[in-house]
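The values are calculated or read from the model by the stated rules, or taken from the named source; none is laboratory data. Since this is a predicted model, take the numbers as computed values, not measurements. Ideal geometry is used to build each Cβ from the backbone, glycine not excepted, and the neighbour counts take in all protein chains shown.
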């Protein structure tokens with residue numbers, strides 16, 4: 001029911017665009033001439049969760065390519081097939097008639113839900129070209145947060161957390177850079193603006209925290225620093241508003257270096273499912289060791305009884321590390337989206353114009369302020385009512401400004417003014433002979 005309602009709403013919204021895309025419309029062009037134009041939808045700016053709903057795909061699927069879920073964390077040397085949503089629609093019609101299990105299995109294999117694509121009916125539009133790279137959700141609130149968790153685990157393993165916090169709190173001021181007020185571990189929630197700020201300093205802070213390594217730490221420290229720096233350099237170049245073939249080559253090189261060196265953080269890339277599985281395995285092994293220890297109580301000296309416990313402890317640690325190493329992976333969708341950036345720059349232009357920064361910034365006025373002013377009881381209705389009143393007042397102020405600039409005479413309260421003169425905060429009324437004042441809407 002929700003999917004059908006969503007489809008109906010989007011059909012209503014896109015209906016005018018469909019008509020004008022088919023028949024065209026006479027429009028004034030930038031050179032002063034008039035031409036018949038056929039405007040089409042060229043981009044849909046949203047995060048991945050919204051794309052999964054609009055395209056009817058599973059959470060681990062790419063809306064543009066048929067990439068297997070086990071290949072999302074790799075550097076795409078091999079080009080996968082782009083999604084053909086017209087073919088999906090044809091197979092959906094066949095499935096409705098035949099109910100063939102082979103078609104359902106095919107859709108399940110490529111991660112597509114049957115007949116749940118909002119954009120499949122658009123005229124002259126390839127739905128696979130509509131998603132665009134999103135710097136805010138994909139890099140700032142995505143990979144930066146992931147990699148900082150890996151960095152924390154890496155620092156904790158090598159006992160460098162305190163050094164990292166000391167350098168973090170001593171960052172000097174610089175124009176356009178906000179000085180951190182707390183240690184990194186003391187911050188509980190990060191926003192996009194703060195993660196963007198982090199990207200400007202994390203390479204230097206991380207390098208300072210890894211100074212003076214011993215002989216066993218030199219190689220892992222070098223690879224970890226190289227991995228972080230390559231991702232930061234890639235993110236900085238994605239913000240360019242113009243590119244050359246050389247800058248695109250740099251982006252590909254940084255991304256390739258990141259994929260080559262990211263394995264240094266593999267042991268810290270542990271999901272909840274993997275942690276739960278490792279916990280069950282460790283619990284079963286601990287119970288089995290405890291049973292065998294109870295059977296051996298009283299046999300031999302204390303040193304002999306303690307030796308099996310030490311060996312069992314080492315065995316538990318080794319099995320835990322082996323399971324983590326075997327089950328951990330980088331196959332998540334935000335890692336895969338990085339492979340689209342260079343291709344999208346070549347086809348559609350610079351990436352910042354497609355980011356969701358502007359839309360997310362509007363949430364502060366549209367949602368957050370209304371929620372703060374509500375009583376938190378049925379807040380959605382109060383947010384809508386507050387935003388509607390705010391826009392109505394804004395329209396009234398614009399009307400007052402236009403009427404105030406007119407050459408007509410207005411009566412404001414008991415004062416008649418003309419032209420630019422008016423009393424701020426009063427409502428303008430127009431005096432028509434023989435009638436009561438009429439409020440200008």
Going residue by residue through the range 38-45, is there one that turns out to be more than 18 Å from residue 334 (Cα to Cα), modelled with pLDDT under 90 and in a helix (DSSP H, G or I)?
no
At least 1 residues that are in the same structural domain as residue 350 (by TED's automatic domain parsing) and out of contact with any strand residue (DSSP E or B) (no Cβ under 8 Å at 6 or more places or on another chain) in each: list the helices (runs of 4 or more DSSP H) lying fully within the range 77-192 that qualify.
144-157, 161-169
Residues satisfying the stated conditions in the range 46-60, i.e. in a loop (DSSP other than H, G, I, E, B) and either touching a residue at least 60 places away in the same chain (Cβ under 8 Å) or within 30 Å of residue 20 (Cβ to Cβ) (or both):
46, 47, 56, 59, 60
Of residues in the range 16-28 being modelled with pLDDT of 90 or more and loosely packed, with under 11 Cβ neighbours inside 10 Å, the one nearest to residue 121 (Cα to Cα):
26
Where residue 349 falls short, out of the listed (1) more than 25 Å from residue 240 (Cβ to Cβ); (2) more than 19 Å from the chain's Cα centre (by Cα):
(1)
Considering only residues that are within 20 Å of residue 71 (Cβ to Cβ) and surrounded by 12 or more Cβ atoms within 10 Å (Cβ to Cβ), which ones fall in the range 83-119?
83, 84, 106, 107, 108, 110, 111, 112
Count of residues meeting criterion [surrounded by 14 or more Cβ atoms within 10 Å (Cβ to Cβ) and over 31 Å from the mean Cα position of the chain (by Cα)] in the range 266-285
3
Residue list for the range 61-71, restricted to those being in contact with a helix residue (DSSP H, G or I) (Cβ under 7 Å, 6 or more places away or on another chain) and surrounded by fewer than 17 Cβ atoms within 10 Å (Cβ to Cβ)
66
If residue 74 satisfies every condition in (1) more than 22 Å from the chain's Cα centre (by Cα); (2) touching a residue at least 24 places away in the same chain (Cβ under 8 Å); (3) surrounded by 15 or more Cβ atoms within 10 Å (Cβ to Cβ) but one, which is the exception?
(1)
I'd like the full set of residues that are out of contact with any helix residue (DSSP H, G or I) (no Cβ under 8 Å at 6 or more places or on another chain) and under 30 Å from residue 364 (Cα atoms), limited to the range 154-181.
169, 172, 173, 174, 175, 176, 179, 181
When you look at residue 180, is it surrounded by fewer than 17 Cβ atoms within 10 Å (Cβ to Cβ) and on the phi < 0 side of the Ramachandran plot, yes or no?
no
